[in-house]
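For reference, the structure is listed below as structure tokens.
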Amino acid sequence: MLDLQKYTHTLELDKVLERLAEFAGCPDTRERLLKSVPYTDFRELTEEMARTGAAYSLCVRYGEPAVYNVQNCDLPLRRAQIGASLSLRDLLAVGRLLGNIRSLRAYRDRCEEKETALDELFFGLQENRYLEDLIAAAVISEDEIADDASPELLSIRRKIRSAQGSVREQLDHMIHSAHYLPYLQEAIVTLRDGRYVVPVKIEYRNAIKGLIHDTSASGQTVFIEPAGVVDANNKIKLLESEELQEIDRIIRSLSAECGTYAESIIHSFQKLVELDGIFARARYGREIEGVVPKLREDGGVILNGARHPLISKDTIVPIDIRLGTDFDTLVITGPNTGGKTVALKTLGLLTLMAMCALMIPARESSEVSVFEHVLADIGDEQSIEQSLSTFSAHMTNIVHILEVAGENSLVLMDELGAGTDPVEGAALAVALIERFRLFGARIAATTHYAEMKMYALQTPGVENACCEFDIATLRPTYRLLTGVPGRSNAFAISQRLGLPEKVIESAREHVASDSARFEDVVAQLEQTRQSLEQERARTAQLLAEAQKERDEAAAYRTTLEKLKENEINRARSEAGRIVSDVRRRGEQLMEELEELRRQKEAEDFGRKVGEAKTGYRSRLRSMEDRANPVSRQAGEGEEYILPRPLEKGDSVKIASLNTRGVVLQPADNAGYVLVQSGAIKTRVSIKELRLSEKPKAQKHPAGGRVLRTVESKATRSASTEFDMRGMNAEEGIMSLEQFLDNCVMNGQKTVTVIHGKGTGVLRAAVHNFLRRCKLVRGFRLGVYGEGESGVTVVELK
């Protein structure tokens, strides 16, 4: 009978399972994971892999569920079902199990996923908060029941403590009595056989009436229970007996409750173990930075960026392996210690891990098939006891593999045909590969034989691969290159290690001419491949940089569009607010005017007021028409003409985006200019650009002084009102100071500051500032018709 487990050990699956088991939360889960075997049914594996993926997704989004200190309570619960009493340890174990079941259900409830592949297991967990709380309230530890486990127990223990206190009080009075003190060995009260006694010197044992319970080891002390406390001690004994009976009753009651819910608890425990195992797979997947591979049924394996999970990810070189897609046999060649065996083991181990529903350390695009058998002949299995050489050991193993290999098998063979005559070994290796291909198996084999390389080149469905070797450094890179035969590089390695040049030249002369020509062709192919790969890497880098620039430009355009839209909305909102405020103030003014008209009886005065109201309403409607400052800007509708052709370095404004930039290239034939705005370079139609002339330096013809035209930052505005309503004091004062500076530079002498009435805080801050301001000649509050105490009229110097 063939031991198939032998091949999983050869590929080190057992070591992976040992590491996996460390992530389990209970012993049953660990034992179950260590006994994991690869799935051979595609449907079952697909379901389990979906569960692994779902657990990984939940762990990433919501954290890992906690399962700890859980024991299998199957046997105690079965005993409880038939009426047996459980120990306090068993009851505590049942309570902890119920707590973990509730915790897992609560974890699923916290997750926002509507449906996952784990829901069947999660919803199979049956909470029992009633029994959990019952055990938690009654059992404190493996040796103690809580006082309030029942009212009867609480009453008994209170009586015991009261009786014990009474006895101790009597004995304390006795041991501190001057009459009894000479008879005592020590003035203490102690216990013997659960009864309170005092230590008496042996020679005075008859001086104190009572019962002798014990004698010291030296024989110098007897422990006497004085006659006066015998009845009290007897009462304590009776109460302690009642206490034990009540504790026994409580335990029987709890055990009966456990027996009642035994089936549901056992069922939930089984679901908990399954969930614990699945989340252990997810935790292990996170540790190895693994992915959930796509599963196949056609025997194809595609591993991209595959890493051996037992080798540190800081030192391992990821490899790409492909088999069973457009070829069924992969022949791997290359120098010793170049990584051939590691590549072979990686292929086998990652396939077995996927078949165990584990995540694999590779990239997302990896695919793995489900095989009936994964068979491996790797390593030196020579045996002195069985008189087996290396070659014989390999052949014995391959004979066993031939017995079970079939259409749905993956066969891995290391150094096929090695350990014997090279000619016979190569011929035997080719024959074995053809035999396995005849069975329909997928084959990967490593070799040094040139005949195997030629066979792979000439045979359809057989592909060469090699472990890359850097000729410059004479060191392996550990990369696997598919489609390229490898060289052993024995001469180059020997030369680097110090073998004399004459010996190496002599060795080259002994190499057959056909083999030498073949190696030369392989070397030329390798050089060409490396050159092409370097070119491809440079091209990929350039493409990546170009894509990055395109992405940045697109992101910048998107940002500008959003900014533009936000500014438009903000401007419209601000304009609406201004108009509403003006309308409110206008209505207030007209009411004031109307009040004045009512107060004046003069006919001429009424006519003038009416005309003023009509003119004001006309101006108000005009302001409402201009409420959207964005829809029609100043100068819109007039075609802008550049005063001169744009040149490199000109400062321009992009009208549609309201941003500034610098010209990098003048307009092309299509009328587009290359402009840099901030960190972004973009092409803009020349119609969208407005030239911003920079101040130019002028040299004085005689004195050599440089004169510059300096633009004032002051706002050239004729406004004489500053509205600071809605601002806080600090913000308002800063804006007011700038407003006054601009007014002085514009030559204005009187301005109005609108601060509102309100609580007067803003008005007080304005007046305090105006008193200190050197630009102000004087100020006063507004009078009737100016806004009264809601405004301050300022006279400037």
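The values are calculated or read from the model by the stated rules, or taken from the named source; none is laboratory data. Since this is a predicted model, take the numbers as computed values, not measurements. Reconstructed Cβ throughout: ideal geometry from the backbone, glycine too, with neighbour counts over all protein chains shown. Note: accessible area is taken over every heavy atom of the protein model, side chains too, but ligands, DNA and RNA are not part of it. Shrake-Rupley method; radii C 1.70, N 1.55, O 1.52, S 1.80 Å.
Scan segment 249-265 for residues that are among the hydroxyl-bearing types (Ser, Thr, Tyr) and either farther than 20 Å from Ala137 by Cα or open to solvent by 50 Å² or more (accessible area, probe 1.4 Å) (or both) and jot them down.
If we filter segment 249-265 for residues that are among the hydroxyl-bearing types (Ser, Thr, Tyr), which is where we start, we get 253, 255, 260-261, 264.
Ser253, Thr260, Tyr261, Ser264, listed by residue number.
Can you pull out every residue in segment 202-238 that is part of a helix (DSSP H, G or I), in contact with a helix residue (DSSP H, G or I) (Cβ under 8 Å, 6 or more places away or on another chain) and aliphatic (A, V, I, L, M)? Write out each step before concluding.
Just the residues of segment 202-238 that are part of a helix (DSSP H, G or I), to begin with: 202-204, 227-238.
From what's left, in contact with a helix residue (DSSP H, G or I) (Cβ under 8 Å, 6 or more places away or on another chain): 204, 228-229, 232-233, 235-236.
The answer is Val229, Ala232, Ile236.
Only residues in segment 30-43 that are open to solvent by 70 Å² or more (accessible area, probe 1.4 Å) count as the first member; pair them with residues that are of a type in the set (Val, Ile, Thr), Cβ under 7 angstrom, at least 6 apart or cross-chain, and list the lot.
Qualifying pairs under 7 Å: Arg32/Val273; Thr40/Val370.
Of all the residues that make up segment 157-193, how many are in contact with an Asp or Glu (Cβ under 8 Å, 6 or more places away or on another chain), open to solvent by 50 Å² or more (accessible area, probe 1.4 Å) and either at positive phi or assigned to a helix (DSSP H, G or I) (or both)?
So the first thing to find is which residues in segment 157-193 are in contact with an Asp or Glu (Cβ under 8 Å, 6 or more places away or on another chain), and the list is 157, 160, 189, 192-193.
Remaining after also requiring open to solvent by 50 Å² or more (accessible area, probe 1.4 Å): 192-193.
Pick out the ones that are also either at positive phi or assigned to a helix (DSSP H, G or I) (or both) and you get 193.
Counting residues in segment 157-193 that are in contact with an Asp or Glu (Cβ under 8 Å, 6 or more places away or on another chain), open to solvent by 50 Å² or more (accessible area, probe 1.4 Å) and either at positive phi or assigned to a helix (DSSP H, G or I) (or both) gives 1.
Out of curiosity, is Asp320 more than 28 Å from Ala54 (Cα to Cα), among the acidic types (Asp, Glu), surrounded by fewer than 24 Cβ atoms within 10 Å (Cβ to Cβ) and in contact (Cβ under 8 Å) with a residue 12 or more places away in the chain? Steps first, please.
Numbers: more than 28 Å from Ala54 (Cα to Cα): no; among the acidic types (Asp, Glu): yes; surrounded by fewer than 24 Cβ atoms within 10 Å (Cβ to Cβ): yes; in contact (Cβ under 8 Å) with a residue 12 or more places away in the chain: yes.
Spelling it out, it is not the case that Asp320 is more than 28 Å from Ala54 (Cα to Cα), among the acidic types (Asp, Glu), surrounded by fewer than 24 Cβ atoms within 10 Å (Cβ to Cβ) and in contact (Cβ under 8 Å) with a residue 12 or more places away in the chain.
So Arg51 fits all but one of (1) open to solvent by 70 Å² or more (accessible area, probe 1.4 Å); (2) touching a Leu at 6+ places or on another chain (Cβ under 7 Å); what number is the exception?
That leaves (1) as the condition not met.
Would you mind finding the one in Ala149, Ala138 that is in contact with a Ser or Thr (Cβ under 9 Å, 6 or more places away or on another chain) and closer than 26 Å to Leu92 by Cα? Explain how you work it out, then say what you get.
Values: Ala149 fails: in contact with a Ser or Thr (Cβ under 9 Å, 6 or more places away or on another chain).
Among Ala149, Ala138, only Ala138 is in contact with a Ser or Thr (Cβ under 9 Å, 6 or more places away or on another chain) and closer than 26 Å to Leu92 by Cα.
Restrict the check to segment 301-324 and report whether at least one residue is polar (S, T, N, Q) and in contact with a Ser or Thr (Cβ under 6 Å, 6 or more places away or on another chain).
Here is the first cut: in segment 301-324, the residues polar (S, T, N, Q) are 304, 312, 315.
If we keep only those that are in contact with a Ser or Thr (Cβ under 6 Å, 6 or more places away or on another chain) as well, we get 304.
Within segment 301-324, one or more residues are polar (S, T, N, Q) and in contact with a Ser or Thr (Cβ under 6 Å, 6 or more places away or on another chain).
Report whether or not Ala207 is more than 30 Å from Ser155 (Cα to Cα) and at pLDDT below 85. Don't jump to the end; show me each part of the working.
Details: more than 30 Å from Ser155 (Cα to Cα): yes; at pLDDT below 85: yes.
Yes.
Are any residues in segment 143-202 modelled with pLDDT of 85 or more and among the aromatic types (Phe, Trp, Tyr), and if so, which ones?
Tyr196
Looking at the structure I just gave you, is Arg61 basic (Lys, Arg), open to solvent by 50 Å² or more (accessible area, probe 1.4 Å) and under 30 Å from Cys356 (Cβ atoms)?
On the way: basic (Lys, Arg): yes; open to solvent by 50 Å² or more (accessible area, probe 1.4 Å): yes; under 30 Å from Cys356 (Cβ atoms): yes.
For Arg61, the condition - basic (Lys, Arg), open to solvent by 50 Å² or more (accessible area, probe 1.4 Å) and under 30 Å from Cys356 (Cβ atoms) - is met.
Restricting to segment 134-155, count the residues that are of a type in the set (S, T, N, Q) and assigned to a strand (DSSP E or B).
Start the filter on segment 134-155 by keeping residues that are of a type in the set (S, T, N, Q), which leaves 141, 150, 155.
Keeping just the survivors that are assigned to a strand (DSSP E or B) gives 141.
Matching residues across segment 134-155 total 1.
When segment 324-359 is examined, which residues are found to be open to solvent by 10 Å² or more (accessible area, probe 1.4 Å), closer than 13 Å to Thr447 by Cα and assigned to a loop (DSSP other than H, G, I, E, B)?
Hits for segment 324-359 are Asn336, Thr337, Gly339.
Scan segment 408-437 residue by residue and report those that are part of a helix (DSSP H, G or I), over 30 Å from Tyr39 (Cβ atoms) and open to solvent by 20 Å² or more (accessible area, probe 1.4 Å). Full working, then the answer.
From segment 408-437, those part of a helix (DSSP H, G or I) are 422-437; that's our starting set.
From what's left, over 30 Å from Tyr39 (Cβ atoms): 422-431, 434.
Within segment 408-437, Pro422, Val423, Glu424, Ala427, Leu428, Val430, Ala431, Glu434 qualify.
Give just the number: which of (1) among the polar types (S, T, N, Q); (2) free of Cβ contacts under 8 Å to residues at least 60 places away in the same chain; (3) at negative phi; (4) part of a loop (DSSP other than H, G, I, E, B) does Ser57 not satisfy?
(4)
Residues of segment 751-778 being surrounded by 13 or more Cβ atoms within 10 Å (Cβ to Cβ) and in a helix (DSSP H, G or I), which ones?
Leu762, Arg763, Ala765, Val766, His767, Phe769, Leu770
Answer with yes or no whether Ile471 is under 28 Å from Leu323 (Cβ atoms) and either at pLDDT 85 or above or open to solvent by 20 Å² or more (accessible area, probe 1.4 Å) (or both).
On the way: under 28 Å from Leu323 (Cβ atoms): yes; either at pLDDT 85 or above or open to solvent by 20 Å² or more (accessible area, probe 1.4 Å) (or both): yes.
Criteria met by Ile471.
Residue by residue through segment 226-248, note down the ones that are open to solvent by 60 Å² or more (accessible area, probe 1.4 Å), in contact (Cβ under 8 Å) with a residue 60 or more places away in the chain and either β-branched (Val, Ile, Thr) or within 25 Å of Ala138 (Cβ to Cβ) (or both).
Once the filter is applied, which keeps residues that are open to solvent by 60 Å² or more (accessible area, probe 1.4 Å), in contact (Cβ under 8 Å) with a residue 60 or more places away in the chain and either β-branched (Val, Ile, Thr) or within 25 Å of Ala138 (Cβ to Cβ) (or both), segment 226-248 yields Glu242, Asp248.
Condition test on Glu364, is it modelled with pLDDT under 90 and of a type in the set (Asp, Glu)?
The answer is no for Glu364.
Within segment 285-312, can you find the residues that are open to solvent by 40 Å² or more (accessible area, probe 1.4 Å) and assigned to a loop (DSSP other than H, G, I, E, B)?
Selection gives Glu289, Val292, Glu297, Asp298, Leu310, Ile311, Ser312.
Which of the following residues is hydrophobic (A, V, I, L, M, F, W, C) and part of a loop (DSSP other than H, G, I, E, B): Leu131, Leu104, Leu125? Quick ask: steps written out before the conclusion?
Working: Leu131 fails: part of a loop (DSSP other than H, G, I, E, B); Leu104 fails: part of a loop (DSSP other than H, G, I, E, B).
Exactly one residue qualifies, and that residue is Leu125.
Hey, can you tell me all the residues within segment 6-51 that are assigned to a helix (DSSP H, G or I), of a type in the set (S, T, N, Q) and closer than 23 Å to Leu344 by Cα?
Thr8, Thr10
Yes/no per residue for (1) surrounded by 14 or more Cβ atoms within 10 Å (Cβ to Cβ); (2) under 39 Å from the mean Cα position of the chain (by Cα); (3) more than 28 Å from Val60 (Cβ to Cβ); (4) not acidic (Asp, Glu):
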{"position": "Pro76", "(1), (2), (3), (4)": "yes, no, yes, yes"}
{"position": "Ala117", "(1), (2), (3), (4)": "yes, yes, no, yes"}
{"position": "Phe122", "(1), (2), (3), (4)": "yes, yes, no, yes"}
{"position": "Leu131", "(1), (2), (3), (4)": "yes, yes, yes, yes"}
{"position": "Ala136", "(1), (2), (3), (4)": "yes, yes, yes, yes"}
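Please give the number of the condition His394 fails out of (1) out of contact with any Ser or Thr (no Cβ under 8 Å at 6 or more places or on another chain); (2) buried (at least 22 other Cβ atoms within 10 Å of the Cβ); (3) modelled with pLDDT of 85 or more.
(3)
Answer yes or no: is there a residue in segment 730-750 that is more than 21 Å from Gln588 (Cα to Cα), of a type in the set (Gly, Ala, Ser) and open to solvent by less than 30 Å² (accessible area, probe 1.4 Å). Spell out the reasoning first.
Step one: filter segment 730-750 for residues more than 21 Å from Gln588 (Cα to Cα), giving 730-750.
After this cut, where a residue has to be of a type in the set (Gly, Ala, Ser) as well, the list is 732, 735, 747.
Of the ones still in play, those that are also open to solvent by less than 30 Å² (accessible area, probe 1.4 Å) are 732.
Taking every residue of segment 730-750 in turn, at least one turns out to be more than 21 Å from Gln588 (Cα to Cα), of a type in the set (Gly, Ala, Ser) and open to solvent by less than 30 Å² (accessible area, probe 1.4 Å).
Could you check Gly782 against (1) open to solvent by 30 Å² or more (accessible area, probe 1.4 Å); (2) over 16 Å from Asp741 (Cα atoms); (3) not hydroxyl-bearing (Ser, Thr, Tyr) and say which number it fails?
(1)
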